[in-house]
Amino acid sequence: MGVFRILLADQQPIFRLGLRSVLSSHEGWEVCGEAIDAPDAVEKCIELTPNLILLNIGMPGMDGVDVAHQMLKASPAQKILVLTEVASEKKVRDCLQAGVCGWILKSDGIQALTTAIEAVQECNSSGGRKTAAVLVRGYWKGNPGQIAEETPPLSPREQQVLQLVAEGRSSKDVAARLNIAEKTAGTHRANLMSKLDLHSLANLVVYAVRNELIHVQIPLAARIEEENASVRLP
């Protein structure tokens, strides 16, 4: 088996330096290049033809999912492993649908990363095209390593109710703003929780934020996370 060549694509020089040091110490691995932003990553992917790209989809210059699409369009057999701090289920799902091999959070640590790379390397050497679902980590509604199902579609009215609930509105406030009965507003909220298979208002809001179903101000989102740390989604 030849040298397994890895391209690092991350905007943080210190992070790239540390990662290069760790990866270069692994027998059979070589860091063949580094990219500092999204356009640079696409260019170096084409120029260097690495075996694997460790891609931070939060780099400046282009949407991370678009970066993956461009890389895979230029080289359909390319292997991409997303390595980032972002933990949105929707973003993970979009990346996997684009064709990346997996997703690792930076907070997962070196052991998780090396295990992921070894899995991609094994898949690459065997000629397989199977997505290594075990690499997917984060806020799945299920067991770790299990790809999340698509978020059930919400009606326009459900989206309105969800947005107001996320803003901290009571059923009475929701009813007044939407010109519906208070009982109807409560029914919509209960239906949302049932449809998304959630069991508390806190989980409903956190899940909606993580899946980018709604947009809330950062202070509110941070307060929800802090106050409900004990009821985080699996």
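The values are calculated or read from the model by the stated rules, or taken from the named source; none is laboratory data. Keep in mind the model is a prediction, meaning the values are calculated, not measured. In this analysis, Cβ positions are derived from the backbone assuming ideal geometry, glycine residues included, and neighbour counts consider all displayed protein chains.
Within region 1-15, is even one residue assigned to a loop (DSSP other than H, G, I, E, B) and under 12 Å from the mean Cα position of the chain (by Cα)? Even if it seems obvious, please write down each step before you answer.
Kept after step one, since they are assigned to a loop (DSSP other than H, G, I, E, B), are these residues of region 1-15: 1-3, 10-12.
Now restrict to residues that are under 12 Å from the mean Cα position of the chain (by Cα): none.
The answer is no, given that none of the residues of region 1-15 is assigned to a loop (DSSP other than H, G, I, E, B) and under 12 Å from the mean Cα position of the chain (by Cα).
Return the only residue of 30, 34, 47, 85 being out of contact with any helix residue (DSSP H, G or I) (no Cβ under 9 Å at 6 or more places or on another chain), assigned by TED's automatic domain parsing to the domain that holds residue 110 and either touching a residue at least 12 places away in the same chain (Cβ under 8 Å) or not basic (Lys, Arg) (or both).
Values: 30 fails: out of contact with any helix residue (DSSP H, G or I) (no Cβ under 9 Å at 6 or more places or on another chain); 34 fails: out of contact with any helix residue (DSSP H, G or I) (no Cβ under 9 Å at 6 or more places or on another chain); 85 fails: out of contact with any helix residue (DSSP H, G or I) (no Cβ under 9 Å at 6 or more places or on another chain).
Of the residues listed, the single one that is out of contact with any helix residue (DSSP H, G or I) (no Cβ under 9 Å at 6 or more places or on another chain), assigned by TED's automatic domain parsing to the domain that holds residue 110 and either touching a residue at least 12 places away in the same chain (Cβ under 8 Å) or not basic (Lys, Arg) (or both) is 47.
Among the helices (runs of 4 or more DSSP H) confined wholly to region 152-230, which include 3 or more residues that are at pLDDT 70 or above and of a type outside the set (Phe, Trp, Tyr)? Can you show your working first?
On the way: elements: 156-166, 171-178, 182-195, 201-210, 218-227.
Because the criterion is at least 3 residues that are at pLDDT 70 or above and of a type outside the set (Phe, Trp, Tyr), the helices (runs of 4 or more DSSP H) in region 152-230 that meet it are 156-166, 171-178, 182-195, 201-210.
Report yes if some residue within region 28-50 is modelled with pLDDT under 90, exposed (fewer than 15 other Cβ atoms within 10 Å of the Cβ) and more than 18 Å from residue 92 (Cβ to Cβ); otherwise report no. So that I can check it myself, show each step before the final result.
Within region 28-50, the first condition is being modelled with pLDDT under 90, and the residues that meet it are none.
Among the residues of region 28-50, not one is modelled with pLDDT under 90, exposed (fewer than 15 other Cβ atoms within 10 Å of the Cβ) and more than 18 Å from residue 92 (Cβ to Cβ), which makes the answer no.
Considering only residues that are over 11 Å from residue 35 (Cβ atoms) and surrounded by fewer than 22 Cβ atoms within 10 Å (Cβ to Cβ), which ones fall in region 55-73? Please lay out each step first, then the result.
At the first step, the residues of region 55-73 found to be over 11 Å from residue 35 (Cβ atoms) are 57-58, 60, 62-66, 68-70, 72-73.
The answer is 58, 60, 62, 63, 65, 66, 69, 70, 72, 73.
Exactly one condition in (1) modelled with pLDDT under 85; (2) under 30 Å from residue 152 (Cβ atoms) is not met by residue 77; state its number.
(2)
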